Structure formats: structure tokens, C-alpha cells
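Chemist: Just dropping this structure here.
The values are calculated or read from the model by the stated rules, or taken from the named source; none is laboratory data. On a predicted model such as this, the values are computed, not experimentally measured, just so you know. Note that each Cβ is placed from the backbone with ideal geometry, even for glycine, and that neighbours are counted across all protein chains shown.
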Amino acid sequence: MLARTAESVYWLARYIERMDNVARLIEAAQRMAGLSSQTEEWRSALTAAGCDVGYAAKYDTVTSANAAMYLGVDPDNPSSILSSLEKARANARSVRTALTRDMWEAVNGAWLESRRLDMKALVLEHLPETLDWVKTMTTRFLGAYSSTMLRNEIYFFTRLGTFLERADNTARILDVKYHVLLPSYSGVGGLLDYYQWTSILQAVSATRAYHWVYRSEVFPGNVADLLILKPEMPRSLRACYDQIADALELLQDSYGGLAGEPHRLAGALAAQLRYGRIDDIMKAGLHEYLTQMIERTASLGAEIERFYMR
Amino acid sequence: MFDEMRAEGGAVRPAYAMVDRWLKATPQAALDAKKKEAERLFRRIGITFAVYTEGGDPERLIPFDMIPRVLGADEWAILERGLKQRVRALNLFLKDIYGPAEILKAGIIPEALVFLNAAFQAHMQGLEVPNGVYTHVSGIDLVRTGPDEFFVLEDNCRTPSGVSYMLENRAVMMRLFPDLFEGGNIAPIQRYPETLLKTLRAAAPRRCNGDPTVVLLTPGPFNSAYYEHSFLADEMGVELVEGPDLRVQDGVVCMRTTRGLQRVDVIYRRIDDDFLDPLAFNPDSMLGVPGLMAAYRQGNVTIANAPGAGVADDKAVYRLVPDMIKFYLGEEPLLKNVPTWDCSKPDALSHVLDNLAELVVKEARGSGGYGMLVGPHATKAEIAAFAEKLKANPADYVAQPTLSLSTCPCFVESGVAPRHIDLRPFVLTAGEEIAVIPGGLTRVALREGSLVVNSSQGGGTKDTWVLRAPSQQQSQSQSQGQG
């Protein structure tokens, strides 16, 4: 398989996942904005999406309309939903024959539609529906590849892209709000805190999952536990790293045992998550832990590219 | 005007008997319905081809006409022999001009025509290519003006395209009208990708042992023929690579794969010479592979078609192909050339200037129909302006009579009517073995009276049938009571 093909399917999957994550961040910010400080929620969303610096260069103040535009449709923002769609589609097109028809149609169909529609107006006037449209498209892509792709190297690279991007996103969302999860903070325990904790769950669409898993009201320690260590939570770091390690192992098998730095890194991370305890993480410092996770995820990404795509 | 289906007086020619029966057996209403169904089906099947194009938009496909263009077994036998003969001579010519240059020494072809030719590649001089093959894939454009009057209009020895349409048209016809193909009267063409792969593998460098790795080199998704590149790569089961996927290491061409570098033996390139290797040709090219030509010259990789093969399809060289055939093969040319005046010669020039209104004048080195004058379709002012250009640079032009291209019935708004057609058969050369896929791409000028078959100007395509001689046809299974 050409290195370029692997690179393109991997980034295709990453950009699609990024669209999905940004759509969820906007959605959570919008919902929460009515309950707490509006500016604060949008600021968090921008930081979690890694767009705070770019935004600050363009706007002096954070407003919901500007933040939604910047995250949703701004071509100057390389991580905006539309920018990601543009790049996903360019990658898909360059490796069209490596994709199944359903995958191509999911990406290309969304791209064609985005060009036909006035996305700016939609974001300003019909934000919830527009975000639903994005999530439908990304879900369609995920469904298309898991139900139509051969389980070969192309599929493994696609999965790597999806879960690496997702792990990065979950770690960022937690890190933006880690302070509200610290034991020192939860002493307050007021209504506002409750909303802060819930906003994290909403950003990864995990409010109901929380209740299913813990059957209790929302406690900050549980929120961190759910999103970091719970294997049954599909956006937890643990679940993402299980998938990443698995995909790398399958690649190793299909390449006659060829393995290297990515396999070592992913294996170490997966084991750490598997045997970790939330109390220990909290004691050692949640912020430090999450920062380290974000950094190690980034270096794993770089090692994967170096090992397979150069 | 020669119609391929009907003789003057309306009698149906033998090759078209089957098409005639089919058209007659189907009442007009059913034919219309069939045509609608055809369009629907074609769109659907078209999608499997259009997936390679921008947005899967079937509108981008060249219009397809359902009525096939038919060539009888005898007609084809002559064409096939003629095509093989011509391509054999073109390869010998290329081998000669990059080697001993005997045809130049013999004074049959002027040196300037070769050495000053923009397509000539000095890098190729003195290089022995595997099996002496330079043009592995050739597209020879033919037109017909009478029962036995076939003319070669143009040779294409660089990167001829269109073969995907040939295959697609047949696939569509077989899905639409499976009955027509029963009994095996029509020569199959589906093995083109397989034959192409065999041809490319046969071109592997001598030092390649065993199983050569073939790749198809494309300029990328923004090239207009990209879908054909990806289609052929898919059909052959080879990697579709772009310049940056390849790299030359220690004189060996490798592609970057997820397992590391993998050696490449044969490159079926669908990019022009100028973009092959920035070190050897165009230093500004982003498409090429630095060091490719050096690897080629060391015999570590084969480039197909060979760089510099374009000298053989030059319009001024074209005029001399019949002489080439006599010189190299000692045979009379089986396929005729269209009479061509080389405007660099004073007497030819004065003849051309006197008769501009009847002639077609082309740039000797141009391609794609640019800068061309079609006398009978031009205004007096256009002719006068062209005469000035011609007088200023006569050596840049060649002139030909305006041919009355044959016609074939087509479905048009008002029913069925004749339209002008041409033919591009594809010739694959693997050493001594030359294969001509029976048929080729028939292009049709769908606008009434038009002679221009280019898709940009309302041209369409048809399935092209070559009938098999009775001995080649499948025998029917025995039935009860025949004994």
C-alpha cells in the first residue's frame, strides 16, 4: 500500500472526527451559555478546539455569534467544521479508489451540499439543525466504513485516524475544565458547579451514559473516571487507546510483525489507562496528567506518520 | 458521402444486418422506451465509472449513442494488419533515430524534422530499451470515406487516452442488450487491461528477475483523464502513483509504501515527457521524479511509452510514415495516409495558398485541434488572416484535403439519422508480439453535418463491434433432436 494512501485515509478519518468533535463543542457551549457565563462557555469551546489563539487574533471579544462562526464556517480557521470538511474531501478524492462507495458518498455528498447551502446563514440562524446535519454526516461516514470496508490495512489506518483524533479531543475537553473537577473545587457544590460538570459530559454527549454507568448524581471524580478510564464509554481515553493499540497490532500482523515506536507508545498508553486509578490520577495532578496525555497523543501521531507514511 | 450501414439506395450492408434486425424488430415506441431505459441504465452504470470523476456527476461523461458501429471480419482483418505494420514501423523508426539514424542517412527523412523536433529527447540517444519497444501503447486515429477507403489521420505515440470509454461503452451495451452478444458474433474487448498489463510486464528491464512491479504514474486528481488512470490501475491491480510517491535511490526507482520503499520495474506513465524528471527535463516541474531518467538509462526501470516517442506522431513526420514502412519493412503500406502538403516546401505552399477554402491546415507540432483552419467552414476573412500566418511561418504548417468522413446511424431528436464518425483503435506492443484490441473508440459528431468529433464540441461515442469470422464463433450447444 502506498504511504500516501495510508496518510490520506488516516487524515480523512481525523478530519471527519474533528468535524464531529467541534460540532459537539459548539452544541455544548450553546446549551450551557444560557446557564452560566456565556462568554466563559464559548471561551472554553474555543480553547478545547485549539482555536483560541486564532480567534483572539481575529476578534477582540468573545461573542456567541462570532465564536460559532469561527468554529463552524470560518475558512481562516484551519479547524473549523468547513475547513475540516474541505480537507477531508480533498484527501478522499486523492485516494478515491481506496474507499468504498458509501464512504465516498458520505464525504462527497456532504461536501457538495455544503457548497450548495449558505452555511454562514445556517450557522447564524439555524445552528442546532446545522450541527445535527454535521453529526449525521460524520455518523454516516463512521457507519459506512465500519459496515463496508474490508478489514485490511486501509481500514486499520482509517480507525487509527478516528480514535487518535477522538482521544486528543477528549483529553482537551477535560483539560479545559479540569479545575472544576478537582477535589479542592468541589467543596462549593452549588448549582453552578453541577452545570460545569454537566457541560463536560455534554461536550462528549455522555450525560446519559454517566447515569447508566454510575446511577448517581454527577460527582466530579466520576466525570473524570468516565472520560479517562471507563472502557465502556466510547469517547473515553481508555476506549480510544484500546482501539488504537488494536489497530496498530493488526497492522503489525498484516506486515509480518513489522513494528516500532508507534506500537511501543500506544501499548504503554493503553496499559497505563487499563491499570490506572482515578484517585491516583487526581492525587498526582489531573492537569499534569491530561497535559501529558495530549502531548503523548501528539507524539504518537507523529510516530505513526514517521513509521508508515514517509 | 459514405454511410457505413446503408449503401446508396438504402440496402443494408452485411455487417449491419444484426443491427438492422434489432432496430426493425423493436417498434418505435419500444425503441424510445429502450432508449430511456438505456439512459437510465447508462447513468447507473456510468456511476461506477463516474466515481472516479469530480462529484460522481454523470453529466461529465461524454454522450453515448446506443447504435453500435460495426466493422466486418474482413474489413477488420485488413485494418488489423495495417495497424500492426504501421506501429511496427513507428517503433523501428524510433529505435533508429535514437540509434544509428539510418533513415536520416538514407535521406528519406530530413534530419531537421527529427533533431529539431520539440519532441526529440537527446537523453534517449544511444539507449537500448527493452525489446526495442518505444511506443508500447499506440492510438492510431482512422477515418473512412468509402467501402475500402480507410485513412490514418493521426498517430498517437505519447500517452493516448480514451480506452476507458471503449471499455465502458461495451459494458453498457452488454448490460442493455445481452441478446445481441449471444452466440459470440462480436469480438470481445474486455481483456484490454489484462493485455495492457502483460505488455507492460514484458517491457520490464532485463535485470529485473521474476515478477516485475508495474505502476501507473498520473499527474493527479486534477488531470482531466484522472478517472481513466484510476480505472486502468484498478483494473490491472497496480498502484496508481503520483510523482512524490516515487523516489530514486542508488539508481533504483522505489515507491513509498507503508512497509517502506518498494522497487518499481515498469512505469506506465500518463504524464508528458517534460514532467517526468525535473533533473532531465523541466526543472520547474512539481510532478516529476528527480533521477528517474538516470535510473532509466541505467536499465533499472522502464518508462512506457518511452520518452521522446512523440517524434513518431509529429504531424510533419506523419507524412513520411509510408516511406518508413517501405524503408524498414520492405512492404507496401496497408493503411493510407491522408495526402499532406508540407508547407515548408515552396510548391506545396503555393498550392495550399491557392486552395485554402477546400483544405484543412494544421500546425505541424500542435495538438488538440488548436490553431487549425477548416477551409470549407471558414469565412473569407478568416481564410485571408490565416494565409498571412501561413506565409509568415510556412514550416509550422501542414495541409490536408477536407475528407468526407463516413457516417453511421445515431439516435437523434427526430429519430435515427446518420452522423459522421472516426475510430481510434489501440495497439499494444510487447516486443515482436503486437496486439490490436478488436474495435477501438468510435467518436461521433452528434451535431448534424459536423465533422468535429471532439467531446468538447458536441461529440459522443459509440460501442464499436468487430464481427468475428464464422470460424471464430462459438458453436451452439447441441440440442435434443439434432442428431
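Chemist: Condition (residue is more than 28 Å from the chain's Cα centre (by Cα), assigned to a loop (DSSP other than H, G, I, E, B), within 12 Å of another protein chain (Cβ to nearest Cβ) and among the basic types (Lys, Arg)) applied to segment B:229-249: is it met by at least one residue?
Modeler: No, there is no match, as no residue in segment B:229-249 is more than 28 Å from the chain's Cα centre (by Cα), assigned to a loop (DSSP other than H, G, I, E, B), within 12 Å of another protein chain (Cβ to nearest Cβ) and among the basic types (Lys, Arg).
Chemist: Restricting the search to segment A:242-283, which residues are of a type in the set (Asp, Glu), more than 25 Å from A:Gly221 (Cβ to Cβ) and surrounded by 14 or more Cβ atoms within 10 Å (Cβ to Cβ)?
Modeler: A:Asp246, A:Glu249, A:Glu261
Chemist: Within segment B:105-122, which residues are touching a helix residue (DSSP H, G or I) at 6+ places or on another chain (Cβ under 8 Å), within 19 Å of B:Thr135 (Cβ to Cβ) and not in a loop (DSSP other than H, G, I, E, B)?
Modeler: Within segment B:105-122, B:Leu113, B:Val114 qualify.
Chemist: List, please: which pairs have Cβ atoms under 9 Å, are six or more places apart or on different chains, and start with a residue in segment A:211-226 that is outside any helix (DSSP H, G or I) and end with one that is hydrophobic (A, V, I, L, M, F, W, C)?
Modeler: Taking only residues 6 or more apart or on different chains, the pairs are A:Val218/A:Trp197; A:Val218/A:Leu201; A:Phe219/A:Trp197.
Chemist: Is there a residue being assigned to a helix (DSSP H, G or I) and loosely packed, with under 14 Cβ neighbours inside 10 Å anywhere in segment A:161-182? Working first, answer last.
Modeler: First, pick out the residues of segment A:161-182 that are assigned to a helix (DSSP H, G or I): A:161-176, A:178-181.
When the remaining residues are screened for being loosely packed, with under 14 Cβ neighbours inside 10 Å, the result is A:179.
Yes, some residue in segment A:161-182 is assigned to a helix (DSSP H, G or I) and loosely packed, with under 14 Cβ neighbours inside 10 Å.
Chemist: Out of everything in segment A:96-108 that is touching a residue at least 12 places away in the same chain (Cβ under 8 Å) and at the interface with chain B (Cβ under 9 Å from one of its Cβ atoms), what residue ends up being nearest to B:Asp234 (Cα to Cα)?
Modeler: A:Arg101
Chemist: So for segment B:293-303 (the condition being in the same structural domain as B:Val253 (by TED's automatic domain parsing), of a type in the set (Ser, Thr, Tyr) and part of a helix (DSSP H, G or I)), does at least one residue qualify?
Modeler: Taking every residue of segment B:293-303 in turn, at least one turns out to be in the same structural domain as B:Val253 (by TED's automatic domain parsing), of a type in the set (Ser, Thr, Tyr) and part of a helix (DSSP H, G or I).
Chemist: State yes or no: is A:Leu150 more than 14 Å from chain B (Cβ to nearest Cβ), of a type in the set (A, V, I, L, M, F, W, C), surrounded by fewer than 21 Cβ atoms within 10 Å (Cβ to Cβ) and without any contact (Cβ under 8 Å) to a residue 24 or more places away in the chain?
Modeler: In short, yes.
Chemist: I need the full set of residues from segment B:131-149 which are surrounded by fewer than 21 Cβ atoms within 10 Å (Cβ to Cβ) and outside any strand (DSSP E or B), in order please.
Modeler: If the condition is that a residue be surrounded by fewer than 21 Cβ atoms within 10 Å (Cβ to Cβ) and outside any strand (DSSP E or B), then B:Asn131, B:Gly132, B:Pro147, B:Asp148 are the ones that fit.
Chemist: Could you list, in sequence order, the residues of segment B:57-74 that are at pLDDT 90 or above and assigned to a loop (DSSP other than H, G, I, E, B)?
Modeler: Across segment B:57-74, the qualifying residue is only B:Gly72.
Chemist: Go through segment B:121-130 and report how many residues are crowded, with 20+ Cβ neighbours inside 10 Å and of a type in the set (A, V, I, L, M, F, W, C).
Modeler: 2
Chemist: May I ask you to list the residues in segment A:81-94 that are of a type outside the set (Lys, Arg) and either under 25 Å from A:Gly50 (Cα atoms) or outside the structural domain of A:Leu25 (by TED's automatic domain parsing) (or both)?
Modeler: Once the filter is applied, which keeps residues that are of a type outside the set (Lys, Arg) and either under 25 Å from A:Gly50 (Cα atoms) or outside the structural domain of A:Leu25 (by TED's automatic domain parsing) (or both), segment A:81-94 yields A:Ile81, A:Leu82, A:Ser83, A:Ser84, A:Leu85, A:Glu86, A:Ala88, A:Ala90, A:Asn91, A:Ala92.
Chemist: Show the residue pairs meeting these rules: Cβ distance below 8 Å; 6+ apart or different chains; first residue within segment A:276-296 and under 17 Å from A:Ala49 (Cα atoms); second residue small (Gly, Ala, Ser) and surrounded by 17 or more Cβ atoms within 10 Å (Cβ to Cβ).
Modeler: If the second residue must be small (Gly, Ala, Ser) and surrounded by 17 or more Cβ atoms within 10 Å (Cβ to Cβ), the pairs left are A:Leu290/A:Ala171; A:Met293/A:Ala167; A:Met293/A:Ala171; A:Ile294/A:Ala171.
Chemist: If I go through segment A:216-261 residue by residue, how many of them are out of contact with any Asp or Glu (no Cβ under 7 Å at 6 or more places or on another chain), within 14 Å of chain B (Cβ to nearest Cβ) and more than 21 Å from A:Asp20 (Cβ to Cβ)? I'd like the intermediate steps shown before the answer.
Modeler: Quick first cut of segment A:216-261, residues out of contact with any Asp or Glu (no Cβ under 7 Å at 6 or more places or on another chain) only: A:216-230, A:232-250, A:252-253, A:255-260.
Those still in the list that are within 14 Å of chain B (Cβ to nearest Cβ) too: A:247-248, A:250, A:252-253, A:255-260.
With more than 21 Å from A:Asp20 (Cβ to Cβ) added as a condition, the list becomes A:248, A:250, A:252-253, A:255-260.
Summing the residues that are out of contact with any Asp or Glu (no Cβ under 7 Å at 6 or more places or on another chain), within 14 Å of chain B (Cβ to nearest Cβ) and more than 21 Å from A:Asp20 (Cβ to Cβ) in segment A:216-261 gives 10.
Chemist: Among A:Ala65, A:Ala56, A:Ala45, which is surrounded by 21 or more Cβ atoms within 10 Å (Cβ to Cβ) and assigned to a helix (DSSP H, G or I)?
Modeler: A:Ala45
Chemist: Can I ask one more? Condition check: within 14 Å of chain B (Cβ to nearest Cβ) and at pLDDT 90 or above. Does A:Arg89 satisfy that?
Modeler: Yes: the conditions hold for A:Arg89.
Chemist: Filter segment A:74-86 for residues that are polar (S, T, N, Q) and either within 14 Å of chain B (Cβ to nearest Cβ) or more than 16 Å from A:Glu113 (Cα to Cα) (or both) and give the result.
Modeler: A:Asn77, A:Ser79, A:Ser80
Chemist: Now for a separate question. If you check B:Arg256, B:Arg270, which single one turns out to be more than 18 Å from B:Ala294 (Cβ to Cβ) and either facing chain A (nearest Cβ under 9 Å) or free of Cβ contacts under 8 Å to residues at least 24 places away in the same chain (or both)? Walk me through it before giving the result.
Modeler: Details: B:Arg270 fails: either facing chain A (nearest Cβ under 9 Å) or free of Cβ contacts under 8 Å to residues at least 24 places away in the same chain (or both).
Being more than 18 Å from B:Ala294 (Cβ to Cβ) and either facing chain A (nearest Cβ under 9 Å) or free of Cβ contacts under 8 Å to residues at least 24 places away in the same chain (or both) holds for just one of B:Arg256, B:Arg270, which is B:Arg256.
Chemist: While we're on this one: Name the helices (runs of 4 or more DSSP H) wholly within segment A:251-310 that hold at least 2 residues that are of a type in the set (Phe, Trp, Tyr)?
Modeler: A:286-308
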